[in-house]
Amino acid sequence: MSNPIKDSIFKELFEDRTVFYDFLKAFLPKEITKQIKETDLKREQTELIGKDFSIKRSDILYKIEKGNGQDVYIYLLLEHQSKVDQLMAFRMLAYKVRIWEQYVKSHKKESEQKGFKLPVIIGIVFYNGKAKWTSPMDVKDKITKIKNMEEYLIKANYELINLSNIKEETIINMKNALGVILLTDKPNVRIKNAEELLKIINGEIISNLSEEEHEKFNKHRNAFIELFRKRTDYEEIEERFEELKEMEVPKMFNTLEEIAKRDREKAKLEGKVEGKLEDRREVAIKLLSKRFGKGFTKEIEEKINEAQESRINQIIDNIFEITIEELKELLK
């Protein structure tokens, strides 16, 4: 199944011409990208290409205006599925044909001339799913091969940009807003936990961004927050989404690190609270002592050691939110 939320995030991201240009420069062969200027890129509508294959399609089309009949199209298909589409080469060819059909319609008079040529279309699949990509890269490999009929095989390949195959170091060294998003979404990232991921993004990418890239990240920070929330499934991020969107970037990262730390401590706590009552009391005392410092008195500790199991459970359930006043009231 496709993930419409992720598809829409990346569709919105790549509809920004500057981000799309960064994407091309990072992942297409240099002999292609050196011929492209950002100002040459013009986004085209894709609705007319057709919805033949399913609702899972999420795509973007750019035209590179070269003039003199040498325009080039770049067609990007966003593919986030748990199952690899084995007909991808065929789908890509079909989409290219739709683009050519529209091109002929818009150049009707020219298309009747002997020297008329169809434009080059660079097909790209951006895949950020977890499963290994096993689909053929050329439609000819999906056509039955018959002896002495090889010349009738159609050759039509596409570029695959597989996020799983891109090293973390490569993404970090991009040192741009796009790298932040890609590292956050990378399915097989080797970074141990959410806290470490945030520290690397903040310390190695965000802190090294140019002013222009800072502005770009700010423009697309919602995509980052949404992808990070989906990766971690932290309820607190959803609850504070609007607040996070308005924060200064350093404060936003500090807040996300605090959320990640609280969640990790909560997970550790949940693993411990299923044990004996004495163990739960010990955990509560340790965490509350750390939270409140000198405010956590010997008297409070004694009351926790004397409290009934129901009170201990209440404290543990609210251990990261409870105030010292609420704690004292609960222990009366």
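The values are calculated or read from the model by the stated rules, or taken from the named source; none is laboratory data. All figures in this text were calculated on a predicted structure; none of them were measured in a lab. Note: ideal-geometry Cβ built from the backbone for every residue, glycine included; neighbour counts use all protein chains shown. Just the protein is used for accessible areas: all its heavy atoms, side chains included, with ligands, DNA and RNA removed. Shrake-Rupley method; radii C 1.70, N 1.55, O 1.52, S 1.80 Å.
Okay, here's what the table says:
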quantity: Matching residues in segment 197-217 - criterion: being under 17 Å from the mean Cα position of the chain (by Cα) and over 13 Å from PHE228 (Cα atoms); calculated: ILE200, ASN202, ILE205, ILE206, LYS216, PHE217
quantity: Selection status of PHE228, touching a Ser or Thr at 6+ places or on another chain (Cβ under 7 Å) and open to solvent by less than 30 Å² (accessible area, probe 1.4 Å); calculated: yes
quantity: Residue tally, condition within 28 Å of the chain's Cα centre (by Cα), open to solvent by 10 Å² or more (accessible area, probe 1.4 Å) and without any contact (Cβ under 8 Å) to a residue 40 or more places away in the chain, over segment 131-165; calculated: 4
quantity: Qualifying residue in segment 183-192 (condition: among the polar types (S, T, N, Q) and open to solvent by less than 10 Å² (accessible area, probe 1.4 Å)); calculated: yes
quantity: Complete set of residues in segment 313-332 that are out of contact with any Leu (no Cβ under 8 Å at 6 or more places or on another chain), assigned to a helix (DSSP H, G or I) and open to solvent by less than 90 Å² (accessible area, probe 1.4 Å); calculated: ASN313, ILE324, LEU330
